[in-house]
Amino acid sequence: MGWLDWLRPRKKPAASEAELFDEAFQRKLEYLAVASRRLFAGRMRAERRTRIAGSGIEFADHRPYTPGDDLRALDWSVYGRTERLLVKRFEEEEDLTIAIVLDVSASMGFGGRARFDHARRLAAAMAYLSLSNLDRVTMVAVSTKVVRRLPPARGRGQIFKVFEFLRGLEPSGETALSEAGRTLGAELKRRGVAIVVSDLYDPAGFERGINALRYQKFEPMVIHVTDARDADPGARGDVLLVDTETGDGREVTLTPALVARFRDAHSHWRHEVEGFCKARRVAYAQADVEGALEEQVLNLFRRSGLVE
Amino acid sequence: MEWLGLAPSQLAWVGALAGAAVVGLYLLRQRRRRVLVPFAPLWARVLEERPSAKLFERLRRLLSLLLQLVLLGLLVVALGDPRPAGASRRGRTTVLLLDASASMSATDLPGGRAAAAREAARRIVRAMGPDDRMLVAQMDAEVTALTPLTDDSTALETAVTAYRPRDTGLDLSRALRFARDVLRGNAHGEVIVVGDGAYPPVAEDVTTAGSALRFVGVGRRGRNLGLTAFSARRYPLDRSRCEAMVELQSWSDRAESVVLTVSVDGAPIERARLRVEPGERVQRVIERLSGGGERLEARIALEDGTRDDLSVDDVAYATLPERRRARVLSVGNGNRYLEAALLLDEYLEVVDATAAQAPAALSQGRFDVVISDGAAVQVPPGVGWISLRPPPTDLPALWSPVSSAPRRAGPSSSIASTGGTR
């Protein structure tokens, strides 16, 4: 029995939840924390420090005394040496807002539900890690618009709300990640980390979606959900290629040479995405649907800087 | 080439309409197989980079259209059910007559004429249409049906395989009458004769009653000499001795030298070297032979040691007539002149009887001849009969369908007559 069951003994996890996190996986996730290169202001103290002095215990620096300052903050030892009234400043530990943006467009449901399920597990894993570190987590499902949103929550006990949220999603519609950036910017007063879990098949360009988050003062992180089957449709001969999201068709004669060219183009596009993120210091990781979830969370994310 | 299915004009219409449909569908572009892809813009990138491939795809589609039209053309032709000329009459009834005379044993062809006839017959059987029926018969001195009228080609081919030539001549008239009887009432009858063409003249009354008659020849003119007649008889005035006559004929296209050997019970009594011109018929008489009941054998052989194409007619047999007196029943009322004439012949054994005694005499003993003088006698079949001064009132009752010619005493001679090669 996992400790989540121990937290909620009256409600046993459903089968889908058990698939998302088995007992061993849950134990490993406890020791991971979501990385953040920025420090954000927070209303509650957590395990991250701000540069603004506060009531923490870690000394930061001094500033001159002004009337009205708390006399308890005066550094008497400095006054004794220099006869100057200085107030000690401490780094205050605050919580971090993490928005997990899950792409629920139709392309995420391509080739069965493996891609979508894998993305949901990844999102759940990230949510769990964040909640374990006392971060504030909000979930956003987005296709052409924000389809559904889970309000910010804090504490590991909220993970079950996350599961419920993820279970209620179905892939449909087109991809428009930029719309997610705009909506988050408007609805979230506090900025933080935005973890995008998506296949990045955005007709408007994946760059626009990531840039939209950056322009809204979020720190985007990209988990690129990939599937090797995307690079080869499997069919040969005269076919009508139909886009899963838009339904647009294009008559093509699929030859082995053409498929090989497409495979190269697909690989090139993935490198293009990775290069774009690196150039903008956006944490990026590819998560293949065939890969082991634990491996990706524990090792791949660590290497890519998503987790410490 | 004949069309058993649709007529050529109909085929043209069907072909034109179907071709138009295929071209129309091609122009409309048939719905292609739909293949879902997660992100079509990526495909667009690749496809825009290769415009030269469009020309190849167009050519490939054109070839595809041409292939479809070719297949359509073949289907249309199949609707016409084309068949070789002569094999297309609907619902034919065919009598296939296989020549089984001795001349079909000739070896002028590889495997012999019989094998060639079998192969020709198989080809005819395999050309049968689905509505055709056939009867296979072999003809020699008699006609033997090997199958009933059937459309079972397997049974027909089996019968053709079972066909074997015999050492007899050929009665073509009988065979054609048989075929006519089989085909009576069939509108599409046909008689096919497979043989070497060495046939005797056909009787004038023989027709095929409107059915087509076709001849399929096998064999070729070869090198053959054959014995066409061989018999022995006693001299009329000297019953103690016999003479034998042998006749041979050449069907070879060049002069041949042959050796004729005549033996009595295996002992040669005559050996002669003969030169026979092409088509010549040669007779030779061996005189003054003694004995009775012995077997005579005549055999010819080419002088150069080779064999002709047909060996079955190179030997013939005969039997020397038995030496015994003919039994004569003389029925009358004591005609002394007749009695005297009969008594003077030492080779006659005469029994006298009245008309009333004649039935009892005929039932008690076998007679070769019955001579009635002014008396009515019921003569059993097979007994010769000479009637002198028949009673007028009894004439109608006296005539019977038996021959009035006296039967020659002694066993009949066997004569080999085999027709010969073409």
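Translational diffusion coefficient of the range A:186-308 (Stokes-Einstein, Kirkwood radius from Cα pairs, 4 °C, 1.567 mPa s): 79 µm²/s. Taking θ as phi - 60° and the Karplus parameters 6.51, -1.76 and 1.60, the scalar couplings of the range A:69-74 work out to 5, 5, 5, 5, 8, 5 Hz in sequence order, x denoting glycine and proline.
Collect residues whose amide H, placed 1.01 Å from N in the peptide plane, falls under 5 Å from the amide H of B:Asp131; neighbours closer than 5 in sequence don't count. Here the answer is B:Gly91, since their amide H atoms fall under 5 Å of that of B:Asp131. Helix by helix, which DSSP H runs in chain B go 27 Å or more along their axis at the Cα atoms and have an average Kyte-Doolittle hydropathy of -1.0 or more? Counting only whole DSSP H runs, the qualifying helices are B:8-28, B:52-80. Backbone amide hydrogens, once placed in the peptide plane, bring A:Leu150 within less than 5 Å of A:Met139, A:Val140, A:Ala141, excluding anything fewer than 5 places away on its chain. Taking amide H atoms as placed 1.01 Å from N in the peptide plane, the amide H of A:Asp238 lies under 5 Å from those of A:Leu254, each 5 or more residues away in sequence or on another chain.
Annotation: Cα Rg of the range B:225-319 relative to the compact-globule expectation 2.2 N^0.38 Å equals 1.10. For peptide A:244-257, the mean count of partner chain Cβ atoms within 10 Å of a residue's Cβ comes to 4. When the square roots of the Cα gyration tensor eigenvalues are ordered a ≥ b ≥ c, the ratio a/c for the range B:93-217 is 1.5 or more and a/b does not exceed b/c, which makes its shape oblate.
Dividing the mean sequence gap of close Cα pairs (under 8 Å, 6+ apart) by how many residues chain B holds gives a relative contact order of 13 percent.
With θ taken as phi - 60° and the Karplus curve 6.51 cos²θ - 1.76 cosθ + 1.60 applied, the whole-hertz 3J(HN,Hα) list for the range A:162-179 is 4, 4, 4, 4, 5, 5, x, 9, 9, x, 6, x, 9, 8, 8, 5, 5, 5 Hz, x standing for glycine and proline. Hydrodynamic radius of the range B:298-385 by the Kirkwood approach over all distinct alpha-carbon pairs: 16.2 Å. Remark: C-alpha extents of the range A:122-168 on the principal axes read 31, 17, 16 Å, sorted largest to smallest. Only alpha carbons enter this Debye calculation for the range A:183-253, each as an equal point scatterer, and the log10 of I(q)/I(0) it gives at q = 0.12, 0.13, 0.27 Å⁻¹ is -0.49, -0.55, -1.25. Across the range A:195-200, computed HN-Hα scalar couplings (Karplus, 6.51 cos²θ - 1.76 cosθ + 1.60, θ = phi - 60°) run 9, 9, 10, 7, 8, 6 Hz from first to last residue, x flagging Gly and Pro. In whole percents, the pair-distance distribution calculated for chain B from its alpha-carbon pairs, binned every 20 Å from zero, is 18, 29, 28, 12, 7, 4, 1. Over the range B:209-253, the hull volume per residue, using the convex hull of the C-alpha atoms, is 152 Å³. With a cut-off of 10 Å between beta carbons, the residues surrounding B:Leu274 carry a summed charge of 0, where Lys and Arg count +1 and Asp and Glu -1.
Provide the net charge surrounding B:Pro165, with neighbours chosen by a C-beta distance below 14 Å and charges set as Lys +1, Arg +1, Asp -1, Glu -1. Summing Lys/Arg as +1 and Asp/Glu as -1 gives -4. Cα centroids of the range B:259-298 and the range A:196-245: 113 Å apart.
Each reported figure results from applying straightforward, stated rules to the coordinates on display, with no laboratory input. The structure presented is a predicted model; accordingly, all values stated were derived computationally and were not measured. All Cβ positions, glycine included, derive from the backbone under ideal geometry; neighbour counts span all protein chains shown.
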